Every structure is written in structure tokens, then in C-alpha cells.
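Reviewing the structure listed below.
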Amino acid sequence: MNYEVAIYRLLAEWGVNPYRVTSTIYMRAAIAVRPDVATLLKDAAKASMSLVGTSTGVLTLPPEIEAGRETQCRTNECGRFGTLSDGEPVCHACSCAGAFLRSKWKNPLVACPVTNKKTLKPYWPTNKGKKIEDQPT
Ligand code: SF4
């Protein structure tokens, strides 16, 4: 499912100007467009685990890798990055916004969900299974 289109359709139904969407409203719409309860629970569990793991320091990355992920997103080479009206970042590919997207930048277990057509790899990879000293910089 293309969540980006579904979210903007729903925002239009709610009468929300798509250029004035806060991260709170955006995340409400992102939850509402999940096609079924199983998908919603799976996505919510992943997002919550990322948020809790990174905010408690259980999941960490070297600062330069975290910064590299954020920079990659903000270049918008993928065409899926945006900034919401409250200044929070959003990835339209996974419909993660604000603290949820920022937690992904710190989370070694997740990768960008979009494949770069030039490299045939995600725009930024997971660091799963790598020791801190072996992680690319
Ligand atoms: S996570 Fe990937 S698809 Fe999403 S904004 Fe960042 S680079 Fe783009």
C-alpha cells in the first residue's frame, strides 16, 4: 500500500491542509490508514521498540553513523523526505515522523525502507550484528 497517498487522501477528508500538518496529526493519519489490525499492531510494535530502545540507550549507533543517516534523509535523494509544519522530519516511505523517525536514525536494527536504484541497496543500511568497532563510518 502507498501510505503517502492514503495519508494525504485522509488528511483531505479531515479538512487538513497538507502543508500545515503537524507530526501529531500526521502520525494519527498514519495509524488510521493501516489496512488491518495485524499490520497496525506489527508496525506499532516495531516503532515503539525503536523509540524505547533508543531513548533508553539500549539501541545505539556511533554519532557519526546516526548523523550520516539523518543527512542522507535530509538530502531527499530518495524523494520521500519531508518537514512537517512543526519542523519535525517525516519519511513518507514508512510514514514515520518526529521522534519515531529520529529513533530510526539511532537504531542499529533498522534500515531505510527504500532501495537506491543506483546502488541497489537501501539509502542507509542496518547495522544489525555488527560490533560497534566494525560499523562503517
Ligand atoms: S528513511 Fe530512506 S526513504 Fe525515508 S526519508 Fe530517509 S532516505 Fe528517504
Given (1) β-branched (Val, Ile, Thr); (2) under 9 Å from the mean Cα position of the chain (by Cα); (3) farther than 25 Å from Arg20 by Cα, number of the condition Thr119 does not satisfy | (2)
Is there any pair with a first residue in the stretch 18-34 that is without any contact (Cβ under 8 Å) to a residue 40 or more places away in the chain and a second that is in a loop (DSSP other than H, G, I, E, B) whose Cβ atoms are under 7 Å apart and which are 6 or more apart or on different chains, and what are they?
-> Ile25/Val16
Determine if the stretch 93-112 includes at least one residue that is farther than 28 Å from Leu11 by Cα and assigned to a helix (DSSP H, G or I).
-> yes
From Gly87, Gly79, Gly53, Gly57, grab the single residue that is small (Gly, Ala, Ser), without any contact (Cβ under 8 Å) to a residue 12 or more places away in the chain and farther than 30 Å from Gly15 by Cα.
-> Gly57
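If I filter the stretch 104-130 down to residues being of a type in the set (Val, Ile, Thr) and in contact (Cβ under 8 Å) with a residue 12 or more places away in the chain, which single residue comes out as farthest from the ligand (Cβ to nearest atom)?
Within the stretch 104-130, the match that is farthest from the ligand (Cβ to nearest atom) is Thr126.
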Among the residues of the stretch 92-106, is any modelled with pLDDT of 95 or more and over 24 Å from Met1 (Cα atoms)?
-> yes
Name, by its number, the condition in (1) farther than 23 Å from Arg9 by Cβ; (2) part of a helix (DSSP H, G or I) that does not hold for Ala30.
-> (1)
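Among the residues that make up the stretch 3-17, is at least one of them over 25 Å from Ser85 (Cα atoms) and not aromatic (Phe, Trp, Tyr)?
No, there is no match, as no residue in the stretch 3-17 is over 25 Å from Ser85 (Cα atoms) and not aromatic (Phe, Trp, Tyr).
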Could you tell me whether Arg69 is surrounded by fewer than 19 Cβ atoms within 10 Å (Cβ to Cβ), within 13 Å of the ligand (Cβ to nearest atom) and not in a loop (DSSP other than H, G, I, E, B)?
-> no
For Gly98, work out the one condition from (1) under 14 Å from the mean Cα position of the chain (by Cα); (2) without any contact (Cβ under 8 Å) to a residue 12 or more places away in the chain it doesn't fulfil.
-> (2)
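The values are calculated or read from the model by the stated rules, or taken from the named source; none is laboratory data. In this text, all values refer to a predicted model and were calculated from it rather than measured experimentally. With ideal geometry, Cβ positions are generated from the backbone for all residues, glycine too; neighbour counts draw on all protein chains shown.
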